[in-house]
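Below you'll find the structure, written out as C-alpha cells, and then a few comments.
The values are calculated or read from the model by the stated rules, or taken from the named source; none is laboratory data. Bear in mind that the values here come from a model prediction, so they are computed numbers and not experimental data. Note: ideal-geometry Cβ built from the backbone for every residue, glycine included; neighbour counts use all protein chains shown. Keep in mind that these areas ignore ligands, DNA and RNA; they rest on the heavy atoms of the full protein, side chains included. Shrake-Rupley method; radii C 1.70, N 1.55, O 1.52, S 1.80 Å.
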Amino acid sequence: MSDAKRRPPHDTIRPELHDLDKSAFLEEVHSFEFWFQAVEGYLAETTYGHDPEMAEDPLSDEDRERLIGVLCNYCAGESAALETAAGLVSLAPNRMTKVFLSTQVADEGRHLEVFLHRLGELGVENPESEVAKRASPSMLAFKDKLAELVAGRDWASALFAQNVALESLEFVVFGRHAKTADRVTAQILERVVKDERRHMGFGENELGRYLRDTPDSRSRIHDLRVELDHLVDATLADTVRHLGLPADDQKELGRMYRESIERLGLLG
Amino acid sequence: MADFLNAYSIQNWLESCPQAYLEDTVFGHSSDEHEPDLIMENEVLRHDAIRTTVALVVGERCALAASSGLINAAPDEGSKRFLATQTLDEARHVEVFTQRLYDLGVAKEDLESVIAQHANPNLVKFAELLLEKVDKRDFLAGVVGQNIVLEGMAFSVFEMMHVMNAAMNPKFAHTLQGTIADERRHVGFGENRIGSLVRDNPARKPEIEKMQKEMSYWMLATFSQAFRDTSAVDELERIGQERTHSNYQGADLGKLSTNEMEALLGDTVLKEFKVRLGRIGLDYQSPDRP
C-alpha cells in the first residue's frame, strides 16, 4: 500500500476525460458517477421515459395494434437484456466492468419498465401476459441463446451476444422506429437509444481488447456470430413487418447492424 | 402484489435516489468534503479506517453478486426490475467505499492486495453462505439472506458508523447516509416480497431459518474480530483526543469499551432480525456465540 497521504482526487477539479491515462479513463467511464451524470441529462423531468405533459398523437386502431405488437417484442428483448446483463455481472473480470454492467442492469430494467408502461398507456390491461402471447419466436430464441451462454459462464461469448449483437440490433431498430413513431413513443425510444449507445461502446471496447489479448478466441466468437445471424435476420424481418416498413428497410437495418460487427473484424 | 411492487419501480427509484438524496454529491458526499486531518496525519487511525472500509467493500461486493444473481432467479418481472435498481445501488456502494480507500491513500494498483490482506475471514464465510443460495437460484433463501440478513446487518452497522462519524468525519457520514437510505429500501422490499412466498412454501421454513442462524453466527464472529482488531479507541486515548459522545441505541459511544460496543451492535442487529423475520413469517433462531 502506498503510504502517500493523498487528498481525494475530487478535491480538485476533475480532469477532462480525454486527458486521463487509459486505466483512469476506463475507471471513469465505467463508473456509477459517469452513468449518473449521463442519465441525469436526459431522464430529468421525465416520467416513464417521456415528458408527462406531452399529448398523445391520435392513433388508428390498426396503428395502435401494430404498435402494441412491436412493443411486446421490445419487452421480450429488454427482458432478455436485463437477465443477461445481470448474469454478466458475476462473469465480469474486474470491479470496473462489474460496476458498468450494474448500470446496464438498471438501464435494461428501466427499458423493460417504460415499454410495459407504454403498453398500459395504450390500453393493454395486463402488459406482461400480452408480451408472453405476442413476442416473436425469433426473439424468444435469441433470449434462450443468451441464457445458455450465461449459464455456460462464457464471458466473451455472452458479452458478444448481448452487448454487440442484441444491443446493435436494438440500436438500429429503435433508432429507425423513433423516426416514424408517435411523439410519446418516439421520446421513449430516443432515450433508450442513448443508453444502448453506451452499452454498445462498452461491448465493442471490452471485446476488442479481449480479442486482441486472446487471438485464439476469435474463431469461437466468429462462429457464434454466424449462429446468431439468422436470429438477427429473423428478428429484423419480424420488426419490419410489425412496423409496416418497406422491405428495403430490412436490408438497410441489416447493413447498419453488420457495421458494428465489422468494427470488431468478425465479418466474413 | 403488483400494487406493492409499483412502489419499488425504477421510476420511483430515479425520483427517490439519483434525483433526490444523491443530487449534487460526488461519491456520495459533497465535493468539498474530505477525510479529516486527524485520520490522514495519524498512521494508526488511517490504517484502522482502511481496515474498516475494506470490510464495507467486501460486504458490498457480496451484495452486488447476490442482487445481480437473484435477478435471474426472480419469479416475476416486478421483482427483477426492483433487483435491477438494487444491483445498481450495491455497485454504487462498492464504488463509494472503494473510492474511500483511495482517499485514505491506498494506491489503485494495490487495491486488491489491500482488500485481501484486511478482509475479515468471518465476513467471507458469511458471504459464501449467501452466495451458495444465489448460485442455486434459490430466490426465497437468497432474498432472506440478502435483503433481510445481509441488508439488516449493513443497515445497523452503517447507522452506528454514521453516529460515530457525524461530528468527526462529515464526509464519511454523508457517504453512509446515502447507503443507509438505500438499505432501508432493500430491507423494505425483502419484507414485503418474501412474506407471501414464505406462506406459500411453509415446508422451506426450517431450512431458511437454519441459514439465518448460520449467517448470524458468522456475522457475530465478524463483529468480534473487527472490534478486537481495532486500535482507534486506544490511539485516540494515547494522543489525548476525546472520543465523540454520540448516542446510539441509548448508549454514549464515547464512553463504551470496544467489547461493550460489539455487544451493543450484535444485540441491536439480532433484535432487528427477530422483528423482521417475524413480519415475514419466519421464526428467528438464536445463533451460537463465537
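Before moving on, here are some points about what is shown:
- Residues that are open to solvent by 50 Å² or more (accessible area, probe 1.4 Å) and in contact with a Lys or Arg (Cβ under 9 Å, 6 or more places away or on another chain) number at least 3 in the following helices (runs of 4 or more DSSP H) confined to segment B:125-230: B:205-229.
- Any hit, segment B:244-257, residues being open to solvent by less than 70 Å² (accessible area, probe 1.4 Å), closer than 30 Å to residue B:283 by Cα and in contact with a strand residue (DSSP E or B) (Cβ under 7 Å, 6 or more places away or on another chain): no
- Pick from segment A:154-190, criterion modelled with pLDDT under 95 and of a type in the set (Lys, Arg), ranking: farthest from residue A:140 (Cα to Cα): A:179
- Scanning segment B:23-41 turns up no residue that is part of a loop (DSSP other than H, G, I, E, B), over 30 Å from residue B:122 (Cα atoms), at pLDDT below 95 and open to solvent by less than 10 Å² (accessible area, probe 1.4 Å).
- Summed over segment B:50-107, the residues that are surrounded by fewer than 22 Cβ atoms within 10 Å (Cβ to Cβ) and without any contact (Cβ under 8 Å) to a residue 24 or more places away in the chain give a count of 3.
- Selected residue (criterion: nearest to the other protein chains (Cβ to nearest Cβ)) from residues of segment B:43-84 that are hydroxyl-bearing (Ser, Thr, Tyr) and under 20 Å from residue A:95 (Cβ atoms): B:68
- Qualifying positions in segment B:203-220 - in contact (Cβ under 8 Å) with a residue 12 or more places away in the chain and not basic (Lys, Arg): B:207, B:208, B:209, B:211, B:212, B:214, B:215, B:216, B:217, B:218, B:219, B:220
- The listed residues are A:226, A:232, and the only one of them that is modelled with pLDDT of 85 or more, open to solvent by 50 Å² or more (accessible area, probe 1.4 Å), aliphatic (A, V, I, L, M) and assigned to a helix (DSSP H, G or I) turns out to be A:226.
- Inter-residue pairs, beta-carbon under 8 Å, first more than 14 Å from residue B:153 (Cβ to Cβ) and facing another protein chain (nearest Cβ under 10 Å) and in segment B:108-130, second acidic (Asp, Glu) and open to solvent by less than 70 Å² (accessible area, probe 1.4 Å), 6+ apart: B:108/A:27
- Tally of residues being more than 24 Å from residue A:209 (Cα to Cα), crowded, with 18+ Cβ neighbours inside 10 Å and of a type in the set (S, T, N, Q) across segment A:147-186: 1
- In segment A:195-216, residue nearest to residue A:156 (Cα to Cα) [restricted to those that are within 9 Å of the chain's Cα centre (by Cα) and of a type outside the set (A, V, I, L, M)]: A:199
- Comparison of A:62, A:40 shows that the only residue that is more than 10 Å from chain B (Cβ to nearest Cβ), under 26 Å from residue A:183 (Cβ atoms) and open to solvent by 40 Å² or more (accessible area, probe 1.4 Å) is A:62.
- Residues (of a type outside the set (Gly, Ala, Ser), open to solvent by 10 Å² or more (accessible area, probe 1.4 Å) and either farther than 26 Å from residue A:34 by Cα or at the interface with chain B (Cβ under 8 Å from one of its Cβ atoms) (or both)) located in segment A:74-110: A:74, A:83, A:95, A:98, A:110
- Checked against (1) closer than 20 Å to residue B:186 by Cβ; (2) free of Cβ contacts under 8 Å to residues at least 60 places away in the same chain, residue B:22 passes all but condition (2).
- Residues located in segment B:232-290, provided they are among the hydrophobic types (A, V, I, L, M, F, W, C) and farther than 19 Å from residue B:169 by Cβ: B:251, B:263, B:264, B:269, B:270, B:273, B:275, B:277, B:280, B:282
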